[in-house]
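Quick notes on the structure that follows.
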Amino acid sequence: YLAKAKEELTYIENYDDNLAKLEQELSLLAKDASQEALILHELRQKSAKALEMAIMKELASLSMADAKLVINLTLNDDFTENGVDDVEILFSANLGEDLKSLAKIVSGGELSRIALALKTITAKKDDIDLMVFDEVDTGVGGKTAQMMAEKIARIALYRQVICITHLPQIAAMADAHFYISKETKNNKTFTTIDEINYDAKLAEIARMSSGIDLTQASLENAEEMLTNARKRKELLHFDE
């Protein structure tokens with residue numbers, strides 16, 4: 001107890017000197033942190049430019065050739081665990097429109113395609129095991145739908161993907177198919193998810209393409225889509 005009391009007394013008697021020493025250490029650490037933060041800022045600027053170009057390239061293949069995206073980095077005065085950068089993504093969907101904050105102006109369809117573009121780029125590098133795309137095909141069709149399907153399939157080379165879709169182009173690219181249905185019993189709604197076999201998958205893709213009434217032509221078209229999808233997936237594996 002005496003030793004502890006003497007230690008506390010010494011600390012109190014030397015309070016001003018201890019405070020000055022700590023302030024000096026803090027100043028040196030702040031200087032080092034500022035230098036590291038500036039290095040990190042410069043690296044982020046270089047990476048941001050590369051990421052901007054990569055995202056716009058992906059968006060061009062998703063029928064957004066005139067879209068422009070800028071990752072804006074600004075320095076602030078306060079340190080955080082991530083450095084001293086404030087990050088904002090600016091976006092313009094059409095030619096001649098000013099860049100504005102992505103969070104404020106992007107539509108659902110645009111956001112879906114931007115997210116898909118970003119996930120396509122980062123699929124090999126991030127540590128996310130499962131990705132869920134819910135109605136990512138909003139507002140797209142035709143060639144854009146096919147390109148979107150191939151990008152999702154490319155992501156699935158590296159991650160498990162669950163995709164909820166109403167587009168036959170995207171459904172045809174899946175490795176496994178599940179049909180989601182709802183029914184009401186005793187004033188309660190129940191959702192059922194069933195894995196379907198090839199024949200049922202063929203019928204569902206045909207319905208997506210042509211409507212409720214199945215015809216021989218619609219079934220043949222669905223079969224051709226599945227065959228082409230299998231070939232496209234084989235090419236994706238070959239490309240990788």
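Here are a few things to note about the model shown:
- Heavy atoms of TYR15: accessible area, 1.4 Å probe, square angstrom to 10: 120 Å²
- Among [x] 176; [y] 267; [z] 111, the entry derived from the coordinates for volume of the Cα convex hull per residue in Å³: [y]
- Choice from LYS100, LYS188, LYS68 with maximal GNM fluctuation in the chain (Cα, 10 Å cutoff): LYS188
- Net charge of neighbours whose Cβ lies under 14 Å from the Cβ of ASN72, counting Lys and Arg as +1 and Asp and Glu as -1: 0
- Most to least accessible of THR144, THR184, THR192 (protein chains only, probe 1.4 Å): THR184, THR192, THR144
- Between ASN221 and ALA65, the FRET efficiency from the beta-carbon distance, with R0 = 51 Å, is close to 0.95.
- Whole-Å distance, taken between Cα centres, linking segment 193-221 and segment 81-139: 33 Å
- Taking only protein heavy atoms and a 1.4 Å probe, the accessible area of the chain is 53% carbon and sulfur.
- Between SER107, SER218, SER27, the GNM of the chain built on Cα springs shorter than 10 angstrom shows SER27 fluctuating the most.
- For segment 183-240, a/c is not less than 1.5, where a ≥ b ≥ c are the root eigenvalues of the C-alpha gyration tensor, and a/b does not top b/c. That puts it in the oblate class.
- Value of relative contact order over segment 1-111, rounded to a whole percent, pairs C-alpha under 8 Å and six or more apart: 16 percent
- Max mean-square fluctuation residue, GNM over the chain, Cα-Cα springs under 10 Å, options LEU99, LEU90, LEU75: LEU75
- Charge dipole of segment 1-98 about the Cα centre (unit charges at C-beta), most positive-ward option of ASN72, LEU62, GLN35: LEU62
- Which of TYR11, TYR1 is most accessible, then next, and so on - probe 1.4 Å: TYR1, TYR11
The values are calculated or read from the model by the stated rules, or taken from the named source; none is laboratory data. A quick note: this is a predicted structure, and the numbers were derived from the prediction, not measured. When we count neighbours, we look across all protein chains shown, and the Cβ atoms used for this are built from the backbone with ideal geometry, even at glycine. Heavy atoms of the whole protein, side chains included, go into the accessibility calculation; ligands, DNA and RNA do not. Shrake-Rupley method; radii C 1.70, N 1.55, O 1.52, S 1.80 Å.
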